[in-house]
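Below is one structure, written out as structure tokens; the observations come after it.
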Amino acid sequence: MAFSSFTRVDDVVKKYKLIYIQGPMLPPDPTAPPLSDYFREELAFNLRMLPIGRSEIGSGEVLLFPILREIWKPYSKDLALFSHEGLTFDDDLTGVPDYFVCKVSEYGQTIPDVPYLLVAEAKLDDFERAWGQCSAAMLAAQRLNQSPDVPVYGIATNGGEWQFGVLLGRELTVDPLPTALYTLDTLSQRMHAVFRAVQAQAVAHQVPAAAPSSP
């Protein structure tokens, strides 16, 4: 069952017996580095001159990836950012997340490791489907990490609205208060809070080695 088969977060919660919670996530980090004037100008240009929301991939190209890339850059020594890279735990939890962030692999920056942050585009503003796919990918990442006590973060966004969640153990928490693009500085501070948490746990966490198979 691919991630895309989960059309609502309820599908994942019921199938895998998770506990769904609406509650606050990490608050904005006021010590986050400010966005550069150059980035602000480029983003304003994209918003003014490029079509957004007219197709399933428009927002991703125009808004999502540029914002993710800008926030990720200060953490690129420890974290790698991937776009549309396959992720598989088993036949049920498999698919291609829109974006994910993982620890830089021992094999190099461009070889993916296990993700700690999954990002799903709410294509055509369908947040129900986005959270269904995002939560399924978060669960796959948690199981690949082999450590349920290590948080896996999730973001669902259409570019204009950003919703945040976290999977810890069996508890899937989604913040009911989204952050809007028009509050760009608050959005940046909130995303930096998530990236700093992901960086800290990616550096500290070691995925347990698989047990050797019996002869």
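The values are calculated or read from the model by the stated rules, or taken from the named source; none is laboratory data. All of these numbers come straight from a predicted model, not from anything done at the bench. Methodologically, a virtual Cβ is constructed for each residue, glycine included, from the backbone with ideal geometry; neighbour enumeration extends over all protein chains shown.
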Task: Failed item in (1) assigned to a loop (DSSP other than H, G, I, E, B); (2) more than 13 Å from the chain's Cα centre (by Cα), with E128 passing the rest - done: (1)
Task: Residue pairs meeting the criteria (Cβ under 6 Å; at least 6 apart or on separate chains; first under 13 Å from M25 (Cα atoms), in region 162-184; second of a type in the set (D, E, K, R)) - done: F164/D175; P178/E161; T179/R190
- [ ] Quick one: count up the residues across region 33-49 that are touching an Asp or Glu at 6+ places or on another chain (Cβ under 9 Å) and of a type in the set (G, A, S).
- [x] 1
- [ ] Quick one: count up the residues across region 116-126 that are modelled with pLDDT under 95 and not small (G, A, S).
- [x] 5
TODO: Specify which of the listed residues (A2, A80) is of a type in the set (A, V, I, L, M), under 24 Å from R190 (Cβ atoms), surrounded by 13 or more Cβ atoms within 10 Å (Cβ to Cβ) and touching a residue at least 12 places away in the same chain (Cβ under 8 Å).
DONE: A80
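Would you mind finding the one in I52, I67, I71 that is touching a residue at least 12 places away in the same chain (Cβ under 8 Å), within 21 Å of T186 (Cβ to Cβ) and surrounded by fewer than 17 Cβ atoms within 10 Å (Cβ to Cβ)?
Checking each option against the conditions leaves just I52.
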Open item on the list: Suppose we keep only residues that are among the acidic types (D, E) and at pLDDT 90 or above within region 23-61. Which one would you say is nearest to T173 (Cα to Cα)?
Closed with: D29
- [ ] Could you grab me the full set of residues in region 62-112 that are in contact with a His (Cβ under 9 Å, 6 or more places away or on another chain) and either within 23 Å of A136 (Cα to Cα) or at pLDDT below 95 (or both)?
- [x] V96, P97, D98, Y99, K103
Task: Qualifying position, being crowded, with 19+ Cβ neighbours inside 10 Å, in contact (Cβ under 8 Å) with a residue 12 or more places away in the chain and over 12 Å from the mean Cα position of the chain (by Cα), among V101, V114, V152 - done: V114
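Output the residues belonging to region 155-175 that are more than 15 Å from the chain's Cα centre (by Cα) and either part of a strand (DSSP E or B) or crowded, with 22+ Cβ neighbours inside 10 Å (or both).
Step one: filter region 155-175 for residues more than 15 Å from the chain's Cα centre (by Cα), giving 160, 169-171.
If the condition is that a residue be more than 15 Å from the chain's Cα centre (by Cα) and either part of a strand (DSSP E or B) or crowded, with 22+ Cβ neighbours inside 10 Å (or both), then E171 is the only one that fits.
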